[in-house]
Amino acid sequence: MNARRTRAADPVVGADLTGQVAVVTGAGGGMGRVVVDELARAGAHVVAVARDAPRTERLLRETVGAHAGLEVVQADLSLRQGVVDAAAAIGRRHAQVHLLVNNAGAHFPDRRLTPDGVERHVAVDYLAGFGLTHLLQENLVAAAARVVHVASDTLNDTRQVKVVGRARPPRLDPAHLADLTLLNPADGFVAFEAYARAKLLTVTSGYHVARLLRPHGVTVNSVHPGIVATGIIDDVVPPALRPLGPLIRRALLTPRDGAAAALRLATDPALAGVTGRYYHRERVATTPDVSHDAAVQQRLHDVSARWFDR
């Protein structure tokens, strides 16, 4: 699709968000910038969470303008303390958070641990979103908020070239749920599968949190936005196909196209009250059986909550 054509399209958000507070992570990336722009255009006060606050605010101001409701919270969401500090800063300033779009994500080519001892995909692609949702729970409940996790359909199939054969979802060993540092272990580590497993953790946890918060009017859903031409694509393209990178990117969705799927879940009035679902863009989709196992969900939630409550 042509980025110039889609940028001139009508606004993605049809609802009036005046007076609402929206928190967006990964705000400096391609999709994140579109999400921030569209929410600000709809009247929301947007809190953009980013690792490099000055750069991100400069980029966002180029699109949302100087007078839009925008603040940037600096945080390294790969670190436990970074998530805790970001949530504290947001919570102090805003008693109510109406929208939380957990868009931050990354793919890493090799296995490395954060200073907390957690594998990086687990930290960025799972714990960042879980932690903000968990630590901002009172603020979300106060606003009967919507939470949207940006996931990836790699959680259903880790094959990078899907020509023949059956889908191969990432394995999730329940024994590893006793300790977050056991997830994505060194033994048998494959970067793409580690990324997919972290996204599977996000959806699995999301189902559980959706049930917990449903009585309070908070909805929690996850979405695969499609295969979008973002920086992650450059990392996950198989080496044999990298010479074709420019052609591949032109065939992918634009960041605006991808953002539309997340924005729909966050703002569409027709989806008010809808919770505990996984979407493949606009369509409700299935996820691996392990993600629906109540015992697995509970163990994952407990170990993740303890990580941030200690």
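Nothing charged except the Cβ atoms of Lys and Arg (+1) and of Asp and Glu (-1): what's the magnitude of the dipole of the chain about its Cα centre? Round to the nearest 20 debye. Let's see the in-between values first.
Working: 36 positive and 30 negative charges, 130 e Å.
I would put it at about 620 debye.
Using only helices, what value at 222 nm comes out for the chain when you add -39,500 (n - 2.57) per DSSP H run of length 4 or more and divide by the total residues, to the nearest 500 deg cm²/dmol? Kindly include the intermediate steps, with their values, before the conclusion.
Details: 11 runs with 122 residues, N = 310.
Per the formula, -12000 deg cm²/dmol.
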- Query: Which residue, Val12, Val164, Val223, tops the fluctuation ranking in a GNM of the chain built on C-alpha contacts under 10 Å?
  - Reply: Val164
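Would you please give the FRET efficiency between Ala95 and Val161, computed as 1/(1 + (r/R0)^6) with r the Cβ-Cβ distance and R0 = 41 Å, to the nearest 0.05?
Numbers: r = 49 Å, r/R0 = 1.19.
Between Ala95 and Val161 the formula returns 0.25.
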- Karplus ³J(HN,Hα) for segment 103-113 (6.51 cos²θ - 1.76 cosθ + 1.60, θ = phi - 60°; Hz, whole; x = Gly/Pro) runs 9, 4, x, 7, 10, 10, x, 9, 8, 9, 9
- Task: Could you point to the residue in Gly117, Ser205, Val24 farthest towards the positive end of segment 17-309's charge dipole, with +1 and -1 charges on the Cβ of Lys/Arg and Asp/Glu respectively?
- Result: Val24
- Query: Which semi-axis lengths, in whole Å and largest first, follow from the square roots of five times the eigenvalues of the Cα gyration tensor of segment 17-309?
  - Reply: 27, 23, 19
- Which far-off residues, 5 or more places away or on another chain, put their amide H under 5 Å from the one on Ile227, with H placed in the peptide plane? Leu253
- Would you be so kind as to identify which of Thr133, Val73, Val101 lies farthest towards the positive end of the dipole of the chain, taking Lys and Arg as +1 and Asp and Glu as -1 on Cβ and the Cα centre as origin? Val101
- Along segment 286-293, what does the Karplus equation 6.51 cos²θ - 1.76 cosθ + 1.60 (θ = phi - 60°) give for ³J(HN,Hα), rounded to whole Hz, x for Gly and Pro? 9, 9, x, 3, 4, 5, 9, 6
- Item | Other-chain or far-sequence residues with amide H under 5 Å of Val49's (modelled H) | Val24, Thr25, Gly26, Ala27, Val73
- Note on the structure: Sparse-neighbourhood loop hits (trypsin sites (Lys or Arg not before Pro), segment 54-121; DSSP loop; Cβ within 10 Å at most 10 others) -> Arg112
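Bear in mind that the values in this text are calculations on the coordinates, not laboratory data. Bear in mind that the values here come from a model prediction, so they are computed numbers and not experimental data. Counting neighbours? That spans all protein chains shown, and the Cβs are built from the backbone with ideal geometry, glycine included.
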